[in-house]
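The structure under discussion appears below in the form of structure tokens.
The values are calculated or read from the model by the stated rules, or taken from the named source; none is laboratory data. Treat the numbers as computed from the prediction; the structure is a model and nothing was measured. Don't worry about glycine lacking a Cβ; one is built from the backbone with ideal geometry, like all the others, and counts go over all protein chains shown. The protein model used for the area step is the full one, side chains on, heavy atoms only, and it has no ligands, DNA or RNA in it. Shrake-Rupley method; radii C 1.70, N 1.55, O 1.52, S 1.80 Å.
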Amino acid sequence: YVAIPVEISLKDIYEATWATDSIEALAAREIVKGVSADSFLPMKEVTRAEFVQMIVEAFDLKSEAVTNPFSDVEEGAWYQKAVLTAYELGIVKGKPDGTFGVNEKITRQDMAVITYSALKAAGININASGTVSFADGITISEYAKEAVAAMQKAGIINGMPDGTFAPKDTANRAQAAVILAKLLEEL
């Protein structure tokens with residue numbers, strides 16, 4: 001392999017200086033894309049469809065993606081293949097009402113669960129033993145505790161500067177990029 005420099009024209013990535021390197025690295029590999037030719041909007045909240053698209057790209061996941069159990073995953077939509085691939089590989093399940101929540105903002109705990117499930121689907125095991133050591137660990141939903149603990153223990157998620165995880169807060173594009181970059185760096 002040869003490293004070839006790639007020109008990144010996303011001018012606003014410096015708004016999140018703590019994420020600039022991650023965004024540049026992922027953009028160079030075409031795992032993340034800007035919202036326009038020169039704008040990434042690092043502080044914009046990430047939708048569930050956007051995050052699943054990033055995960056599928058990051059892990060280069062493949063499936064036939066023919067089964068569509070979700071009423072809100074539209075035929076031919078930019079996210080359709082990624083969401084259906086993630087579903088068929090057991091990475092995502094959807095909502096009780098039969099939707100995926102395509103345009104819903106993703107919570108930080110759901111981002112951890114999807115990432116952890118993607119690791120397992122890719123055959124990558126990280127140690128899931130232990131408990132969450134975030135100051136607000138008791139606010140993490142039961143279904144997300146194993147994933148959050150494993151991701152924290154592996155150094156993929158660090159939480160907020162005040163020692164909390166903020167599980168029900170929404171994640172932004174910069175945070176998603178940092179998690180994906182750490183993941184690819186660790187693997």
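Quick notes
- Cα centroid separation, region 81-109 to region 114-147: 17 Å.
- Sequence-distant residues sharing a close amide H with T47 (under 5 Å, placed H): I106
- Element breakdown for the chain at a 1.4 angstrom probe: carbon and sulfur atoms account for 52% of the accessible area.
- Max mean-square fluctuation residue, GNM over the chain, Cα-Cα springs under 10 Å, options G137, G159, G123: G123
- For region 34-142, size of Cβ-based charge dipole, Lys and Arg +1, Asp and Glu -1, in debye: 260 debye
- Cβ-derived FRET efficiency at R0 35 Å, A37 paired with K93, nearest 0.05: 0.50
- Gaussian network model of the chain, Cα within-10 Å springs - most flexible of A154, A77, A27: A77
- Note that region 162-167 has calculated 3J(HN,Hα) couplings of 8, x, 9, 9, 6, x Hz, one per residue in order, obtained from phi through the Karplus relation 6.51 cos²θ - 1.76 cosθ + 1.60 (θ = phi - 60°); glycine and proline are x.
- Sequence-distant lysines (8 or more away, or on other chains) whose Cα lies within less than 23 Å of K95: K62, K81, K105, K120, K145, K168
- In order along region 76-87, the phi-based Karplus estimate (6.51 cos²θ - 1.76 cosθ + 1.60, θ = phi - 60°) of 3J(HN,Hα) comes to x, 5, 4, 9, 3, 4, 5, 5, 5, 4, 4, 5 Hz; Gly and Pro are listed as x.
- DSSP-loop chymotrypsin sites (Phe, Trp or Tyr not before Pro) across region 74-136, with at most 12 other Cβ within 10 angstrom: W78
- Anchor K182: lysines whose Cα lies under 16 Å away (excluding residues fewer than 8 positions away in-chain): K153
- Taking amide H positions as modeled 1.01 Å from N, with prolines and chain starts lacking one, the residues under 5 Å from A135 and 5 or more places away or on another chain are T164, F165.
- Coarse-grained scattering of region 106-162 at q = 0.16, 0.19 Å⁻¹, given as base-10 log I(q)/I(0) from a Debye sum over alpha-carbon atoms: -0.42, -0.60
- Projecting the Cα atoms of A135, A171, N158 onto the dipole axis of region 111-187, where Lys and Arg carry +1 and Asp and Glu carry -1 at the beta carbon, places A171 farthest toward the positive end.
- Amide H contacts under 5 Å for T99, placed H, 5+ residues apart: S71
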